[in-house]
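The values are calculated or read from the model by the stated rules, or taken from the named source; none is laboratory data. The structure displayed is predicted, hence computed values, not measured ones. Methodologically, a virtual Cβ is constructed for each residue, glycine included, from the backbone with ideal geometry; neighbour enumeration extends over all protein chains shown. Surface accessibility is based on the protein's heavy atoms, side chains included, excluding ligands, DNA and RNA. Shrake-Rupley method; radii C 1.70, N 1.55, O 1.52, S 1.80 Å.
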Amino acid sequence: MSIVYTLPPAIVAVVSSISIILQTIKNRKKYIEISSDEVSDDIVDDARFSTVKRDVTKLGITILQTGLYIFLFFWKFRHENKLNFDTISPGILAICWFYALTVSIIALSLKSRRWRWILNSYLTAFFFITSLCSFWQLTTGIMLRLSDSYHIGEIIEKSTVICNFIFSVVAMSIAITTPRGPPIIQNGRTVCAMQYCSIWDFISFSSVSKLIYKIYKQKTFEDDELDLLPFAFQARSLYNAFKKTRGSKLLYRILVANKRILALQLLFTMIAATLYYVPIIFLYRFLSFIQTRPENGSLEFGFLYILGMLISYILLHFTVAQNWYWASSALNVSVRGMLNSEIYSKSLKRIDSHVANVKDESNKSDNNLDASGDDNKSEDNLDTADDDNTSVGKIANLMSIDSSRISDFSVWWTSALDSPIELIVGVYFLYQLMGVSCLLGLTVMIITLPLNHQTAKLYAKTQDKLMNARDRRVGLMNEVLQGIRMIKFFSWEKNWEEKVLKARNIELKQLRNNFIYMTIFDFLWTASPILVTIFSFFFFTKIQGNELTAAVAFTSIVIFNELRFALNILPEVFTEGLQALVSVHRIEKFLDEDETKILPENDYQFTTPISFEEVTISWNEIKENNDEFTMHNLNLEFPIGELSVICGPTGSGKTLLLMSLLGETNIISGNINSPRCLTCPIDQNINEDNWIIPNNVAYVAQQTWLQNATIRDNILFGLPYNENRYNQVVKVCALEKDLQIFEDGDMTEIGEKGITLSGGQKMRVALARAVYSRAKHIYMDDIFSAVDAHTALQLMNQCILGPIMKGRTRILVTHHIRLCLADAAYLVAVNNGKIVTSGTISNLRNSGILASILDENDNQSEIVNSVELAAENAVDTSNVSEPLISSSSNFGHNIESSSASDATLVENAVLADDDSQPMKKVSKPKILVEEEERATGMVKFKIYKSYLRANGNILYWLFVAVMFFGTRGIQIMENWWLQVWSDASNNNETIPAIVNFVQPNNLIMVNGILDDIHKPHSVDYYLTIYVLITSLSIVFGVARFAYLYYGSMRVSTKLYQKLLHQVIRAPLRFFDTTPVGRILNRFSKDFETIDSTIAVHLAWFLINGLMMLGTFAVITAITKEFLVAAIFFGIIYTIVGALYAKASRELKRMDSVSRSPLYSLFTETLIGIITIRAFGASKRFMQDMLSKIDGNNRPLFYMWVINRWLSIRFNVTGSLVSFLAGIFILWNIDRIDAGLAGLSLSFAMNFTEQIMWTVRNYTSLEMSLNAVERVCEFSEIPQEAPAIIEPRPPASWPHSGAITVQNLEVKYAPDLEPVLHHISFSIEGQEKIGLVGRTGSGKSTIALALFRFVEPSDGKILIDEIDISSIGVEDLRTRITIIPQDPILFTGTIRSNLDAFSQYEDSEMLESLRRVHLIPSEEDEEETTSFSGDNINLFKNLDTPVSEGGKNFSQGQRQLLCLARALLRSSKIILMDEATASIDFAMDEKIQKMIRTEFADCTILCIAHRLRTVIDYDRILVIDRGNVMEFDSPYNLITDSNSLFYRMCQNSGEFDLLMSLASKRGKKLIED
């Protein structure tokens, strides 16, 4: 009995025994006792799950085998009477089987499922090795045949071999198919079967077979039908593991957190690298056998070599499959989950910068984008501009692109280790075949390494620039989407489209450079291995004078192919590694950014004081030459449980004080004491008695932030629903009437950033969120600016001063000082960063300081106190609050994201006077934002058509076909010529017969050429032609990629232009119902796929498809029997391929769709991060993100597992194809020589791989085309009315600004009731009209109709006698102007925001800023309300940076900037929507005076909260329920006690003031 059959089982037994002992020592506690966490609480059918029968069967087999080998040992020892290896081998095997018997007994006796599984794994390994050894022993025994004279010893030994083989296979089959445990349920869903399946199901990936069949049978497949990820790959586990390594370099953290997976990858990589050449050894032996076989010689060794190829290939494929599983499914998902969770976690802690860190160079390059600047200059700045990571677009790219690149590289990194091992083993075998010739050839590779290195450096630099360009373009696109309403109102679509396209062109130039370097890489990678082959053959034949035999030629070619892969993959891995390294540095830079200073979390039960102690603060760290707004030497102490008021002019530092209490600013010196609760505890058992937590904080931002959820969810904000408290909060926040009107009540979805709510509604929902919270301390920033006077008074009396806020600390920033003083305990007055005064109200009153503060505000006609108002408020006030927008409307836009703040878009809604009307409907609430649609089935032909047409016309694709078919033909010629060369010395005539198989008979010319080829020639002849063929192969091989890259550039250009145009011209309804993250996903990840991936997948699909067809033709030509086998295997491949294609396609679509919620939550968090941190909700948001990461990782994980499922089946089947090809060669041995056999087998060995990669590349192509599918879907969205309609209006239109509305009826959808009921009115040119009316009256609809955001169903609107429906929306919107309540600024400078497209001079812009009092006038340089003292007036410099959304300015300053921007337009018609709500009263007075003078020759329509704003206008238009109720001068209306306007004035609390102003205006008109 040979050592080959004995030693492997002995080694496995010894190693297993040692391993079990070590594991037992390490986990002795778990071995003795059953750990409580070994068995999940969520196991299904635990009682019925049992492996006892399997364990007993294994025990019986091990007893039989042990007894069998003990018998054989004693029998041999007795009869041979000597000790040698042949005698003691049965004894060694008996000991090995006794080891298996012992392990089986222990496994059967254990109760711990974990340990039973471990022991079963060791038994499986042992049974597998014994099966393999017994099979080899059995086959070699049959091949060598029994001797002619039988004797009992030989019979017993052979019988033992057969029994050993049968028992080993049975035992292995039982052990390898024993499941680890029953199905596991987590949160009501099944966990991935790989968590509990058998070893066989794990290594063959059969655990996903049910999933594949299920997807194939179903028309649609949803995420909730997918099993959960294995526990180790769930986001929570990944995040917890990764955060343990914080403080180290990112690359080190990734390695440490994934060390187990990396170790398994390394193990399988080294095994696979060794196994790669085992089949090649058998190939060489087989070809040598055919070449040296005597005529009519035995074929037994030939069969043995072919069988060896089959077994070694199967082992190799299973090893490679495991390597790829741990690389693609495990490490890929793990790294992506870790990075995404860590990026999000960092975003919850990083400082929310309030300044634009925009370098001068980048500003200039931005301007170059606007005008016809130098694009190259912009390109040069790509690697230096935008050093900060503050833009939402850039941070979103970290998650969408950079983390994906790093995780994708984790799939390939082992090739950097695998390839050197392959090179070493391959060179060794080549040296055995060709001697020093191979070393000379490989020297060529070393010579090309510097070229590879230099190209890689240039490629990496270009890649870095490409990523920066992509960041800027995505960031710009994000700003477009965030400010789309402003863009549309100002008709800037065309200008912004050009601006984005210029940024895109810079990106495409970098992409072009990228493709150029990729083409150079293709040339080097294609040429290097071919040159190695040429030089090796040249030296081998020409210098050394050796004959190039078939065995040497084709074996060396197969080895060279392996080396070609190893040589090619190294530069590719190096390049991918450089890309990943760039992404690592980008993410690491983000993770190293400054974080908010985490104060020690206060005890929940003790109240912390709220004070400033000698504090100097600024928004950001002060740097050199940085004009940072600072507040010095602050000493304040806010009383706990009382109301404190902070007041001051616009831009004086009020919000800075509030943000400092929240820890969101830079503390230069001093100490701030403030309550801090990093994580708000959520206890489902809380009640009114323990609701308030002493050190919890809630915050109401001036610029409200709401989630894309229902109103109730926004108010609850993660807290449990307490009906009594909730109803009380809704009432005191003046939301009852809103919820009564709205069809779905508080279950109404409000869209992204509360898009469907008015400004007042958003503010009151945000206030309700703070009031409902468990916070003891509530900070409120200018909450009255977005609501009308009466609502402000109601909020003050019932909410802020009401019972629900009693005992809570309330710090309120406001301009409404008198409204708050009655019950305030503390006052802080701020001006230009200095505390003018501070102290308790009583002290300030006694000292007279309070009187002086109030005297400054007396002329501002502020709201009178609540007692005075109560006496006058005798009229029904059911119209004080703003109802929500009905989801039954199919067109729900506000003028701005929060314009028409006291209006709704359901303008015909009727308020019930009965307070008992329910707040919400019982019916199922309607969905505003629908789930993202996902295409089903195969990618539609029209998608292919769109992509192919975008590449080029029919001539382009004909040329592509020539390139690809030509390349494959030349590659076949290359191998055919080697066959001719190797057969030259034997003068074989077999090739003409093969060619005749595929050519018409009797082609004299062809036969003549072939006869000439097969005449004896010199080595130079064969070598020259071989060099010529391979050179053509290089040229064609590189040209095909370059040409496809060229087409890909055209696709990227055309599709992006089309998508951008369609999206930017989409109606507002599209943006209301589609999250920004979903749209941005198309412009970021999907276009990254279109730019960089599709062309590569298409190329490799064509390459592998043509290689497969060529291989089939060659093998069939040599062995015709292969045709039958090919048909049979083709059917198998088709079935498996169809199952795989459908499953992978659906999972890729799920991956794409599940990405959008991830990005939506991410962008939503970045916008509202201050509110989230203030509420202590970071942990809850982190949990939400982890859940969404799991939702995105699930389809990715299964997609990669299904890839492995395909590869293992294709590869094993392919091994049978190679085996049959060898059998057919032996079948036709009499007419096939070694050259033809080598040609056939060298092709057959790659046949399966070609089929598999054809299917996989086709599927990858379809999955990549999913990006085109999604882009095309958005390219077909409905469009607004045409921008330009010929004939266009005159250039001077509108010349007077007269507006005539004739019989206007408006519906938001054809099947809905009218919102405006055939209204008619006329406005003279230069008139000032105030639009007022109760909530839902129709004011905002008139404004929408004026801008043609709503088209009339009847009637028309005339401006200067031109029907606005007859002109394009661009001509209309450029001639009229809106000044919205919610100001929108774009990243850049003050200049780029005032004059985005270089239309005005600097002097005009500065004058516009003077008019809105952002900079003082020349004659009043020293007396500016907003700015005086130490802090520099930033508005004097037009190049002052503006951060994303204008965060480095206050809300009031942003409103004034938008007003200055409107002034520059000089439109004849101006619509104002409470455009000064967030500025102080003194400034408001100046602005109103400016409007009266500067806009004297303009027609003004003003939608106002403050009736005082429009009381001196020419006329007031009163709208109610879609009808014009009154249209007259303010004086006539207010003096008519029956008018609606009269009642509105009474309810406002300012009746006397309004009457006085109206009378003054009326007398002036009479005098005129």
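Return yes when Arg810 is without any contact (Cβ under 8 Å) to a residue 60 or more places away in the chain and either touching a Ser or Thr at 6+ places or on another chain (Cβ under 7 Å) or among the charged types (D, E, K, R) (or both) and no when it is not. Spell out the reasoning first.
Numbers: without any contact (Cβ under 8 Å) to a residue 60 or more places away in the chain: no; either touching a Ser or Thr at 6+ places or on another chain (Cβ under 7 Å) or among the charged types (D, E, K, R) (or both): yes.
Against the criterion (without any contact (Cβ under 8 Å) to a residue 60 or more places away in the chain and either touching a Ser or Thr at 6+ places or on another chain (Cβ under 7 Å) or among the charged types (D, E, K, R) (or both)), Arg810 does not qualify.
Might you let me know whether segment 1346-1363 holds any residue that is in contact with a Pro (Cβ under 8 Å, 6 or more places away or on another chain), in contact (Cβ under 8 Å) with a residue 12 or more places away in the chain and under 26 Å from Gln1057 (Cβ atoms)? Yes, segment 1346-1363 contains at least one residue that is in contact with a Pro (Cβ under 8 Å, 6 or more places away or on another chain), in contact (Cβ under 8 Å) with a residue 12 or more places away in the chain and under 26 Å from Gln1057 (Cβ atoms). Pairing each residue of segment 488-512 that is on the phi > 0 side of the Ramachandran plot with any residue that is assigned to a helix (DSSP H, G or I), provided the two are 6+ apart or on different chains, yields C-beta distances under 6 Å for Ser491/Glu1370; Ser491/Arg1373; Ser491/Thr1374. Exactly one residue out of Ala734, Ala698 is among the small types (Gly, Ala, Ser), on the phi > 0 side of the Ramachandran plot, open to solvent by less than 40 Å² (accessible area, probe 1.4 Å) and not in a helix (DSSP H, G or I): that is Ala734.
The residues listed here are Arg764, Arg769; of these, the one that is under 19 Å from Arg1173 (Cα atoms), open to solvent by less than 10 Å² (accessible area, probe 1.4 Å) and of a type in the set (Lys, Arg) is Arg769. Kindly establish whether Lys1142 is in contact with a Phe, Trp or Tyr (Cβ under 7 Å, 6 or more places away or on another chain), closer than 30 Å to Phe1083 by Cα, open to solvent by 20 Å² or more (accessible area, probe 1.4 Å) and in a helix (DSSP H, G or I). Criteria met by Lys1142. A single entry from Leu262, Leu339, Leu304 fulfils the requirement of being closer than 30 Å to Ser206 by Cβ and out of contact with any strand residue (DSSP E or B) (no Cβ under 9 Å at 6 or more places or on another chain): Leu262.
Against the definition (part of a helix (DSSP H, G or I), β-branched (Val, Ile, Thr) and within 30 Å of Phe590 (Cβ to Cβ)), how does Val320 come out, yes or no? Before you say what the answer is, go through the steps one by one.
Working: part of a helix (DSSP H, G or I): yes; β-branched (Val, Ile, Thr): yes; within 30 Å of Phe590 (Cβ to Cβ): no.
When the stated conditions are applied, Val320 does not pass them.
Mind checking whether some residue in segment 1485-1495 is surrounded by fewer than 22 Cβ atoms within 10 Å (Cβ to Cβ), within 52 Å of the chain's Cα centre (by Cα), farther than 23 Å from Gly1452 by Cβ and of a type in the set (S, T, N, Q)? Don't jump to the end; show me each part of the working.
We begin by selecting, within segment 1485-1495, every residue surrounded by fewer than 22 Cβ atoms within 10 Å (Cβ to Cβ); these are 1485-1490, 1492-1495.
Of the ones still in play, those that are also within 52 Å of the chain's Cα centre (by Cα) are 1485-1490, 1492-1495.
Pick out the ones that are also farther than 23 Å from Gly1452 by Cβ and you get none.
No, segment 1485-1495 has no match at all.
Evaluated against (1) within 15 Å of Ala1143 (Cβ to Cβ); (2) polar (S, T, N, Q); (3) open to solvent by 40 Å² or more (accessible area, probe 1.4 Å), Thr177 falls short on exactly one condition, (1).
If you check Leu1186, Leu1139, which single one turns out to be touching a Lys or Arg at 6+ places or on another chain (Cβ under 9 Å) and modelled with pLDDT of 85 or more?
On the way: Leu1139 fails: touching a Lys or Arg at 6+ places or on another chain (Cβ under 9 Å).
Sole residue among the options that is touching a Lys or Arg at 6+ places or on another chain (Cβ under 9 Å) and modelled with pLDDT of 85 or more: Leu1186.
Look through segment 19-34, keep the residues that are modelled with pLDDT under 65 and exposed (fewer than 12 other Cβ atoms within 10 Å of the Cβ), and return whichever of them is farthest from Ile105 (Cα to Cα). Here the residue is Lys29.
Among residues of segment 1039-1082 being part of a loop (DSSP other than H, G, I, E, B) and within 23 Å of the chain's Cα centre (by Cα), the one that is nearest to Asn708 (Cα to Cα) is Pro1075.
The set of residues in segment 1357-1399 that are among the acidic types (Asp, Glu), open to solvent by 30 Å² or more (accessible area, probe 1.4 Å) and either outside any loop (DSSP other than H, G, I, E, B) or under 13 Å from Leu1471 (Cβ atoms) (or both) comprises Asp1363, Glu1370.
What's the total number of residues in segment 440-461 that are open to solvent by 50 Å² or more (accessible area, probe 1.4 Å) and in contact with a helix residue (DSSP H, G or I) (Cβ under 7 Å, 6 or more places away or on another chain)? Count: 3. Would you check if Asn357 is at pLDDT below 50 and not in a helix (DSSP H, G or I)? When the stated conditions are applied, Asn357 passes them.
Within segment 753-842, considering only strands (runs of 3 or more DSSP E) that don't extend past its boundaries, which have at least 1 residues that are over 44 Å from the mean Cα position of the chain (by Cα)? Even if it seems obvious, please write down each step before you answer.
Details: elements: 775-781, 809-813, 826-831, 834-840.
Fully inside segment 753-842 and qualifying: 826-831, 834-840.
Kindly provide the set of residues from segment 1037-1078 that are open to solvent by less than 10 Å² (accessible area, probe 1.4 Å), touching a Phe, Trp or Tyr at 6+ places or on another chain (Cβ under 7 Å) and farther than 25 Å from Val960 by Cα, ordered by number. Residues satisfying the conditions are Leu1059, Val1063, Ile1064, Leu1068, Gly1077. Scanning segment 498-516 for residues that are open to solvent by 50 Å² or more (accessible area, probe 1.4 Å) and either touching a His at 6+ places or on another chain (Cβ under 7 Å) or under 19 Å from Ala456 (Cα atoms) (or both) turns up Lys509, Arg512, Ile516.
Conditions (1) at pLDDT 90 or above; (2) touching an Asp or Glu at 6+ places or on another chain (Cβ under 6 Å), marked per residue:
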position: Ile755; (1), (2): no, yes
position: Tyr772; (1), (2): yes, no
position: Asp788; (1), (2): no, yes
position: Gln794; (1), (2): no, no
position: Ile800; (1), (2): yes, no
position: Met805; (1), (2): yes, no
position: Arg810; (1), (2): yes, no
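For segment 627-652, residues that are polar (S, T, N, Q), closer than 17 Å to Met780 by Cα and touching a Gly at 6+ places or on another chain (Cβ under 8 Å) total 2. Pairing residues of segment 1025-1036 that are open to solvent by less than 20 Å² (accessible area, probe 1.4 Å) and small (Gly, Ala, Ser) with residues that are modelled with pLDDT of 85 or more and part of a helix (DSSP H, G or I), at Cβ distances under 6 Å and at least 6 apart in sequence or on separate chains, gives Ser1033/Ile970. Those helices (runs of 4 or more DSSP H) of segment 216-314 in which at least 3 residues are closer than 30 Å to Asn1246 by Cβ, considering only elements entirely within it, cover 259-275, 278-292. Considering only residues in segment 5-18 that are among the β-branched types (Val, Ile, Thr) and in contact with a Ser or Thr (Cβ under 9 Å, 6 or more places away or on another chain), the one that is most open to solvent (accessible area, probe 1.4 Å) turns out to be Val12. Would you please name the residue that is modelled with the lowest pLDDT, looking only at residues in segment 47-74 that are surrounded by 14 or more Cβ atoms within 10 Å (Cβ to Cβ) and closer than 30 Å to Leu228 by Cβ? It comes out as Phe49.
Table: residues versus (1) polar (S, T, N, Q); (2) buried (at least 17 other Cβ atoms within 10 Å of the Cβ); (3) within 30 Å of Glu547 (Cβ to Cβ).
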| residue | (1), (2), (3) |
| --- | --- |
| Asn1211 | yes, yes, no |
| Asn1228 | yes, no, yes |
| Gly1238 | no, yes, yes |
| Glu1273 | no, no, no |
| Gln1279 | yes, no, no |
| Trp1293 | no, yes, no |
| Leu1316 | no, yes, no |
| Ile1319 | no, yes, no |
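Within segment 512-562, the set of residues being of a type in the set (D, E, K, R) and within 38 Å of the chain's Cα centre (by Cα) comprises Arg512, Asp522, Glu562.
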